[in-house]
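Please read the structure below before turning to the comments.
Read-outs throughout are calculated quantities, based only on the coordinates presented, and are distinct from any laboratory measurement. On a predicted model such as this, the values are computed, not experimentally measured, just so you know. Using ideal geometry, Cβ is built from the backbone for each residue, glycine included, and neighbour counts are taken over all protein chains shown.
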Amino acid sequence: MLDFHLASLYGVETRQLKQAVRRNQSRFPDDFMFLLTENEVVNMVSQNVIPSKSYFGGALPMAFTEQGVAMLSTVLRSAKAIQINIEIMRAFVRYRAILRETDELRADLRKLDRKLNESFRYLVEKIDALHQKEASRAPIGFKTPSPKN
């Protein structure tokens, strides 16, 4: 999540959030928080509903991982920050559960697809066998005598 989104959630200004992170830099290793590059900011502006780079206030935005979001509640220390952090953690848990369910569903669909393909192949083979059997059989029914010339 980006710093300005989290600041909005926590009810603080983005600069306050960034200042709290800078004062507690040792709590935010690279796998908890990182700065976006200039290139990433340009891409974000062009691909999202962000009017311009000035939207970020001139500084590069900070991006926080799940662990970084959890660490913010210890840095911000307000009751709202703690409550928001709990909700964000719950959202991450639900997100992982959805991903897991999606993977399981995808695997089930692949199994079903294989079964359907096998069943379809079996039916095609049986229909082909019936056609071959019918083609090799002598015609049945009433035969009219052929006219003699």
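Data for the structure
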quantity: Loop trypsin sites (Lys or Arg not before Pro), the range 52-149, which have at most 13 other Cβ atoms in a 10 Å radius of their Cβ (DSSP); calculated: Arg77, Arg137, Lys143, Lys148
quantity: Which labelled figure in (i) 61, 46, 22; (ii) 56, 37, 24; (iii) 113, 32, 24 is Cα extents along the principal axes in Å, once derived from the coordinates; calculated: (iii)
quantity: Ellipticity estimate at 222 nm from DSSP helix runs (n ≥ 4, -39,500 (n - 2.57)) divided over the chain, nearest 500; calculated: -22500 deg cm²/dmol
quantity: Check: the chain dipole with +1 on Lys, Arg Cβ and -1 on Asp, Glu Cβ, in debye; calculated: 560
quantity: Inter-label distance for Glu104 and Asn24, nm, one decimal - labels placed 7 Å from Cα along Cα-to-Cβ; calculated: 3.6
quantity: Acute angle (nearest 10 degrees) that the helix 38-47 long axis makes with the longest principal axis of the chain, alpha-carbon atoms; calculated: 50
